[in-house]
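The structure appears below as structure tokens.
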Amino acid sequence: MATAPVGPDPGSSPSPAASPPDFHAMPMVALNYSLRRRLSLYLNPRAAAAADWTTLAEALGCEYLEIRRLEAQPDPTAALLEDWQCRCPGGATVGRLLDLLRRLGRDDVLLDLSGSVEEDCRKYLQKKQEKADQPLQVPAVDSSAPRTSELMGITTRDDPYGNRTEMFDAFICYCQKDLQFVQEMIRELEQTEFKLKLCVFDRDVLPGTCVWSISGELIERRCRRMVVVISDDYLESDECDFQTKFALSLSPGARLKRLIPVKCKTMKNEFPSILRFITICDYTNPCTKKWFWTRLAKSLMLP
């Protein structure tokens, strides 16, 4: 019979850093793609002897017709979790998911994934803390605009003393291997009748400061929208992962139409489950390609 892990000596004081995160305060966006994929491998197969995704769906309050709809999805577990996040943005937490898996008797899932869950949550908290360590201040009414020194002069057209900050229509979230597509986006959206202003990290952001702090400042305060350029390479980028989750946290359920996914290449991997509930612009579809740039531009021009 397995024994519980040995805890610290009663006389010793455990390090605060060793304590696990509060999973019940952790939103589901903290869980990364690879962990969700492994969870799907456990729950997608229909099994008579173990609770599968349909049992989890019932525990989350889904009705018969909802479950039938999810059944048609290529990855019903991922689709279920995304639906849950949209329906209950405040109640869809990592802790709630773990509680349900425990209640359903899926100790095998908990045993295999517990380490990865904790690691994902720690990474999520670390990135949030790195941003919080650089306090962002709202410009004062008297236009003196007090700012932290790190966030003054972060783009090529910023005033270095913080008297004038550069604003954008959209922040472009992309990985380096998709830069050629981003350059085409610049030509189609900035250098045409649309005359939009895009924030492209490699072009507009000055080097030498913290990537996480600058990303948070630009996405939250400087850009009205965010375009996420999706490809297989995007799935491997920690920077893109942080930027996407940060933007989603500002607009739960995409209610403000803040985030716009753009599929720029055919993909071998599945489309990110965290973005599946948002309408996309698909550059790879030859039937709709002639409308692609106009649709994207119009969505960025919405008030």
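Things worth noting here:
- Being polar (S, T, N, Q), part of a helix (DSSP H, G or I) and not assigned by TED's automatic domain parsing to the domain that holds A25 holds for only one residue in T294, T209, T266, and it is T294.
- Residues that are outside any loop (DSSP other than H, G, I, E, B) and touching an Asp or Glu at 6+ places or on another chain (Cβ under 6 Å) within segment 214-246 comprise R224, V229, listed in sequence order.
- Taken across segment 268-276, residues that are at pLDDT 90 or above, closer than 24 Å to A92 by Cα and of a type in the set (S, T, N, Q) do not occur at all.
- Looking at S231, S273, S237, just one residue is among the hydroxyl-bearing types (S, T, Y), more than 12 Å from the chain's Cα centre (by Cα) and either assigned by TED's automatic domain parsing to the domain that holds Q85 or crowded, with 18+ Cβ neighbours inside 10 Å (or both), and that residue is S231.
- Residue in segment 46-56 that is under 30 Å from K128 (Cα atoms) and part of a helix (DSSP H, G or I) present: yes
- Leading residue by the ranking (farthest from the chain's Cα centre (by Cα)) among those in segment 119-176 that are at pLDDT 85 or above and aromatic (F, W, Y): F168
- Restricting segment 32-50 to residues that are among the hydrophobic types (A, V, I, L, M, F, W, C) and at pLDDT 90 or above, the residue that is surrounded by the most Cβ atoms within 10 Å (Cβ to Cβ): L43
Listed here are the residues, each with its yes/no results for (1) among the aliphatic types (A, V, I, L, M); (2) out of contact with any helix residue (DSSP H, G or I) (no Cβ under 7 Å at 6 or more places or on another chain); (3) not assigned by TED's automatic domain parsing to the domain that holds S237.
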site: A30; (1), (2), (3): yes, no, yes
site: S34; (1), (2), (3): no, yes, yes
site: L41; (1), (2), (3): yes, yes, yes
site: L56; (1), (2), (3): yes, no, yes
site: R69; (1), (2), (3): no, yes, yes
site: W84; (1), (2), (3): no, yes, yes
site: G95; (1), (2), (3): no, no, yes
site: L100; (1), (2), (3): yes, no, yes
site: V109; (1), (2), (3): yes, no, yes
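- The lone criterion from (1) over 23 Å from K131 (Cβ atoms); (2) of a type outside the set (K, R); (3) in contact with a Lys or Arg (Cβ under 7 Å, 6 or more places away or on another chain) left unmet by A247 is number (1).
- Of all residues in segment 198-228, exactly one satisfies the criterion of being closer than 19 Å to K127 by Cβ, crowded, with 20+ Cβ neighbours inside 10 Å and of a type in the set (D, E, K, R), namely E217.
- Criterion (aliphatic (A, V, I, L, M) and either more than 23 Å from E236 (Cα to Cα) or not assigned by TED's automatic domain parsing to the domain that holds W293 (or both)) met by exactly one of I186, I172: I186
The values are calculated or read from the model by the stated rules, or taken from the named source; none is laboratory data. Note that the structure is a prediction, hence the values are computed from the model and not measured. Note that we place each Cβ from the backbone using ideal geometry, even for glycine, and neighbour counts take in every protein chain shown.
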